[in-house]
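**Q** Quick one: the structure is below, and I'll ask about it shortly.
Bear in mind these aren't lab numbers, they're just calculated from the coordinates by the rules spelled out. All values reported here derive from a predicted model rather than from experimental measurement. Cβ: placed from backbone, ideal geometry, glycine included. Neighbour counts: every protein chain shown.
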Amino acid sequence: MTDAGSPAYRFRRFASREVALAAVLIAIAAGRPVPLRTPVPEDWRRYVQEKYGAKYGVEPPRVMGDDVDVWWRSWEVGFDPNDEVDRTVMATRKEVFPLYGLDPWFD
């Protein structure tokens, strides 16, 4: 078992999921979103398995997302101080928006 704080554990998480997520986010930024249920190319899965599978216990993802329905709450509903994502978004807005003369509390 790999310790959750070890570099091997962090790498295994990165290699198995975050690379696919990064590809999805880059595609969104490029204006060509990839559906989350799109199969991960078999050549890539085989490469990751051969290169990292035995050493780190990596199981490459089969689809570009986590194969779950994505749910989100619009920011227009309002800031929820009990939600970790909302707190992170607001902290970022408070740091960045004033640099551009924008009010972090106003959309």
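**Q** Near the amide H of Val63, under 5 Å away, which other amide H atoms are found, from residues 5 or more places off or on another chain, if H is placed in the peptide plane?
**A** When sequence neighbours closer than 5 places are left aside, the close amide H contacts are Val40.
**Q** Just to confirm the filter: which trypsin sites (Lys or Arg not before Pro) across the range 63-107 are DSSP coil and have at most 12 other Cβ within 10 angstrom of their Cβ?
**A** Arg73
**Q** Please report the relative contact order for the range 19-95, taking Cα pairs under 8 Å with a sequence separation of at least 6, and give it as a percent rounded to a whole number.
**A** That works out to 27 percent.
**Q** Now for a separate question. Just report the Cα centroid separation between the range 28-63 and the range 75-106, whole Å.
**A** 33
**Q** Which of the chymotrypsin sites (Phe, Trp or Tyr not before Pro) found in the range 53-107 are in a DSSP loop and have at most 10 neighbouring Cβ atoms, other than their own, within 10 Å?
**A** Passing both the DSSP loop test and the Cβ count: Trp71, Trp72, Trp105, Phe106.
**Q** Rounded to the nearest 0.05, what FRET efficiency is calculated for Val96 and Lys55 with R0 set to 41 Å and r the Cβ-Cβ distance?
**A** For R0 = 41 Å, the calculated efficiency reads 0.55.
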